[in-house]
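Since the structure comes first, as structure tokens, the remarks are kept for the end.
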Amino acid sequence: MSTAVVECRRCGRRVNAEAPRCPECCADPRDGRSSFRERDRDCVRVCEGVGVRFLALAVDALILSGVFLFIGLAVFQALLMQGRFAVEGEEAAPWYLWLAFSLAAFVYFWVCEARWSQTLGKRLFGLRVVRTDGGRLGYGGAFVRTALRIVDFLPFAYAVGAVAISTTRRRQRLGDLAASTVVVRPHTMRVSDLVASGVATVPWPGPAVAAPGD
């Protein structure tokens, strides 16, 4: 028998209808009410910096490298069977293979972030890409964010992006600034400490407390 699910009123995540607390935002999924308000605590979306984002990117790079290696070996085997490498000066890695890999990487980041707000690497570390108002970025915003990765990568290893993340209040790289997006991760902390520390956050897309009768 399938388990009934509901969409959390606060963050929009689909959760078990009988769950007392949403695993994403720690609110009651039926009314969006925070579970920690009575103790001056809440689950907030904190804008994350270079460290954890680099780890997520490294996981994504490993995944894409594995796919590229598999495809490369398949193409190599096909060319070997055709005797292509017996020809002097024949390229070992055809340009179209690199083009296909680049397009696959673009589609991977674009579709994953547009549809699920996170890649596999971001999912592993609990990160999400959202708009600065807390909502989903959609395919348009994800396209802009992904297209500017090539600029953030310059001159190598995302150096430009790392500088931008380290110097902007909401920890945004150039792609984030252009698409009005941020990378966030839920943290449970005291509201008073949050205000005093000046930690950059973005709101949940739903209300903190749903109106009666909604």
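Given +1 at the Cβ of Lys and Arg, -1 at the Cβ of Asp and Glu and no other charges, the dipole of the chain around its Cα centre is 640 debye to the nearest 20.
For the pair LEU124 and VAL67, the difference between a 0.36 nm per residue extended length and the Cα-Cα distance amounts to 18.7 nm. Since only VAL6, ALA142, ALA178 are under comparison, the one whose Cα sits farthest along the positive direction of the charge dipole of the chain, derived from C-beta charges on Lys, Arg, Asp and Glu, is VAL6.
Positive-end ranking of LEU103, ILE165, VAL44 along the dipole of the chain, with charges on Cβ about the Cα centre, is headed by VAL44. Checking every one of the trypsin sites (Lys or Arg not before Pro) in region 146-200 against DSSP loop status and a limit of 12 other Cβ atoms within 10 Å picks out ARG169. Here the residues VAL44, VAL130, VAL107, VAL67, ranked from fewest to most Cβ neighbours within 10 Å of their Cβ, fall in the order VAL107, VAL67, VAL44, VAL130.
Applying a 4.7 Å Cβ-Cβ cutoff to the chain leaves CYS47, CYS112 as cysteine residues with no disulfide-compatible partner. Loop-resident GluC sites (Glu not before Pro) (DSSP state other than H, G, I, E or B) in region 1-56 with no more than 15 further Cβ atoms inside 10 Å of their Cβ: GLU18.
Within the listed set ALA61, ALA105, ALA74, the Gaussian network model of the chain (springs between alpha-carbon atoms below 10 Å) gives the highest mean-square fluctuation for ALA74. Here Cα Rg over 2.2 N^0.38 Å was computed from the coordinates, and among [x] 1.03; [y] 0.98; [z] 1.27 the match is [z]. Of the chymotrypsin sites (Phe, Trp or Tyr not before Pro) found in region 130-214, those that fall in a DSSP loop while having at most 14 other beta-carbon atoms within 10 Å are PHE156. The calculated FRET efficiency for the pair LEU103 and ALA58, based on their C-beta separation and a Förster distance of 25 Å, comes to about 0.70. On full extension, the segment bounded by VAL195 and MET81 gains 34.5 nm, given 0.36 nm per residue less the C-alpha separation. Relative to the longest principal axis of the Cα atoms of the chain, the long axis of helix 138-147 lies at roughly 50 degrees.
None of the figures in this text is laboratory data; all of them are computed from the coordinates on show. It should be emphasised that the depicted structure is a prediction, and the values quoted were computed from it without experimental measurement. A quick note on method: Cβ atoms are made from the backbone with ideal geometry, for glycine too, and the neighbour counts reach across all protein chains shown.
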